[in-house]
Amino acid sequence: MYEVGAESGRYYCLNVSRRDDIDDQSYRQLFQPVIKQVVDFYQPTCIVLQCGADSLGCDRLGCFNLSIRGHGECVEFVKSFKIPLLVLRGGGYTVRNVARCWTYETSLLLEESISDELPYRNFTYCIHLKKYLVLAPSAGRSG
């Protein structure tokens with residue numbers, strides 16, 4: 001909570017208190033005004049956004065309760081500033097949901113519409129999985 005950065009990055013580090021199990025709506029209400037104020041104050045010429053999928057409710061090690069759509073809303077919000085944006089991936093310990101999240105967010109960044117259902121192109125895939133959705137129902141935490 002009290003980390004403020006070091007050396008030339010001192011006071012460029014921001015920590016925001018939040019509760020575990022925070023859901024999409026609560027996170028949005030926290031994320032958007034904080035990020036807007038940071039952008040307004042610092043007026044960055046570029047933004048590096050790390051999108052760790054361990055904030056998904058279906059992640060086995062994370063403590064947030066975000067859906068893939070809610071996670072994507074944060075990406076869209078930062079993108080809406082129309083400032084050059086470098087998006088990094090990281091975190092996420094339930095691999096199938098990490099892939100879903102990053103696929104969905106990549107589609108948002110590229111402004112490409114994608115089908116929620118993956119096409120059947122591999123016989124082995126068809127045998128093992130009846131249906132694989134990009135935006136799978138959240139297996140959120142009860143809180």
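The values are calculated or read from the model by the stated rules, or taken from the named source; none is laboratory data. This is a predicted model, so every value here is computed, not measured. No Cβ is skipped: glycine too gets one built from the backbone with ideal geometry, and neighbour counts run over all protein chains shown.
Just a few scattered comments:
Condition check ((1) free of Cβ contacts under 8 Å to residues at least 12 places away in the same chain; (2) crowded, with 20+ Cβ neighbours inside 10 Å; (3) acidic (Asp, Glu)) across all residues:
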| position | (1), (2), (3) |
| --- | --- |
| VAL34 | no, no, no |
| ASP40 | yes, no, yes |
| THR94 | no, no, no |
| SER113 | yes, no, no |
| GLU117 | no, no, yes |
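- Search result, residues across the stretch 34-48 that are in a helix (DSSP H, G or I) and hydrophobic (A, V, I, L, M, F, W, C): VAL34, ILE35, VAL38, VAL39, PHE41
- Counting only helices (runs of 4 or more DSSP H) that fall entirely inside the stretch 49-143 and contain at least 2 residues that are at pLDDT 90 or above, among the aliphatic types (A, V, I, L, M) and within 18 Å of SER26 (Cβ to Cβ), the qualifying elements are 68-79.
- Residue match in the stretch 45-56 (condition: under 30 Å from GLU117 (Cβ atoms), surrounded by fewer than 14 Cβ atoms within 10 Å (Cβ to Cβ), among the polar types (S, T, N, Q) and touching a residue at least 24 places away in the same chain (Cβ under 8 Å)): yes
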